[in-house]
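Here is the structure we will look at.
The values are calculated or read from the model by the stated rules, or taken from the named source; none is laboratory data. Please read these numbers as outputs of a predicted model, since none were measured by experiment. Heads up, the Cβs are rebuilt from the backbone with ideal geometry, glycines too, and the neighbour counts pull from every protein chain shown.
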Amino acid sequence: MERTQIYLDEEQKRKLRLIAADEGGNVSDLIRSAIDRLLDDRFPTVDRLTKYHEVRKRIVESLDGGATDEEIEAAFRRMRALRRETA
Amino acid sequence: MPRVRVVADAMILAAGFAFRNPGSASSRFIQEWLDGEFELRVSGKLVGEVVKTLDQLGLERPDVQGVVDVLCFDAMAIVTLRHLRMGCSDPDDDHLLEAAVSSRAQFIVSEDRALLNLRPHVLRYLRARGVSVVPLGRFFDALDAVRRQPPFSCLIPWAA
């Protein structure tokens, strides 16, 4: 790791210290984990897509009766209409 | 270049996981998001709606949990505290508008007629905050248009 200096305002520092105290960590770890989240978001890895395809495959397989996409969409619309009727 | 920020309604998110066709528009929406083409914003209420929708399809808990994991870990979570009445004909849709405005999203993506035909004063309110409500097809067109823009053109407020 390389030492890096950044400027934070008082409010940011106060809140970071609160979270660090609450979680039993330190402010540097919090800042590094926030940066990790930003970088994961901006430079997505293939894992996100792989995970999505796995989840989707499991769901499609577990939907019994072989409902078509049109039937699923119709079911969604019925649910919404029912919710609106009962609201 | 700042990426487009998007709020999608629960039906689109649920369909993205439940539709058999991996090439469906809902599935493409999820894939483009996970590919980093835009930022998806979700609120607790929205994730709750997706869960409810999938529950009603009869899915098992672990499968629904898988969806929640993808949405909660990869989307930008936003907190909507105020539960404002935004003027939707169905008050249950208000949270989507609140989520879009509070997260400064440019798009609400929905195939729901009630959301696509908001009252004029609601539309004016959203437009004034740079939010457009569009169906999936128009959203993909808008996304393509953004991709074709030269660098720094994002400084122009294109979401009129």
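When you check residue A:59 against the structure, is it closer than 26 Å to residue B:73 by Cβ, surrounded by 14 or more Cβ atoms within 10 Å (Cβ to Cβ), under 22 Å from the mean Cα position of the chain (by Cα) and not acidic (Asp, Glu), yes or no?
So residue A:59 fits the description; yes.
Within segment B:19-26, at least one residue is surrounded by fewer than 20 Cβ atoms within 10 Å (Cβ to Cβ), more than 20 Å from residue B:106 (Cβ to Cβ), in contact with a Ser or Thr (Cβ under 9 Å, 6 or more places away or on another chain) and within 11 Å of chain A (Cβ to nearest Cβ). If we keep just the residues of segment B:70-99 that are β-branched (Val, Ile, Thr) and surrounded by 13 or more Cβ atoms within 10 Å (Cβ to Cβ), which is modelled with the highest pLDDT? Only one residue tops the list, namely B:70.
Look at residue B:109 and say whether it is away from chain A (no Cβ under 14 Å), modelled with pLDDT of 70 or more and in contact with an Asp or Glu (Cβ under 8 Å, 6 or more places away or on another chain).
Details: away from chain A (no Cβ under 14 Å): yes; modelled with pLDDT of 70 or more: yes; in contact with an Asp or Glu (Cβ under 8 Å, 6 or more places away or on another chain): yes.
Considered against the rule, which asks whether it is away from chain A (no Cβ under 14 Å), modelled with pLDDT of 70 or more and in contact with an Asp or Glu (Cβ under 8 Å, 6 or more places away or on another chain), residue B:109 comes out as yes.
Which residue out of A:85, A:70, A:61, A:2 is at negative phi and not in a helix (DSSP H, G or I)? Residue meeting the stated conditions: A:2. When segment B:117-139 is examined, which residues are found to be surrounded by fewer than 14 Cβ atoms within 10 Å (Cβ to Cβ) and touching a residue at least 12 places away in the same chain (Cβ under 8 Å)? Those that are surrounded by fewer than 14 Cβ atoms within 10 Å (Cβ to Cβ) and touching a residue at least 12 places away in the same chain (Cβ under 8 Å): B:119, B:121, B:127, B:137. Need at least 1 residues that are touching a Leu at 6+ places or on another chain (Cβ under 7 Å) and farther than 29 Å from residue A:33 by Cβ per element, so show me which helices (runs of 4 or more DSSP H) inside segment B:1-74 make the cut, counting only ones lying wholly within it. It comes to B:10-18, B:25-34.
The residues listed here are A:49, A:39, A:82; of these, the one that is closer than 16 Å to residue B:27 by Cα, out of contact with any Lys or Arg (no Cβ under 9 Å at 6 or more places or on another chain) and not basic (Lys, Arg) is A:49. The residue of segment A:28-52 that is nearest to the other protein chains (Cβ to nearest Cβ), among those that are surrounded by 15 or more Cβ atoms within 10 Å (Cβ to Cβ) and over 16 Å from the mean Cα position of the chain (by Cα), is A:30.
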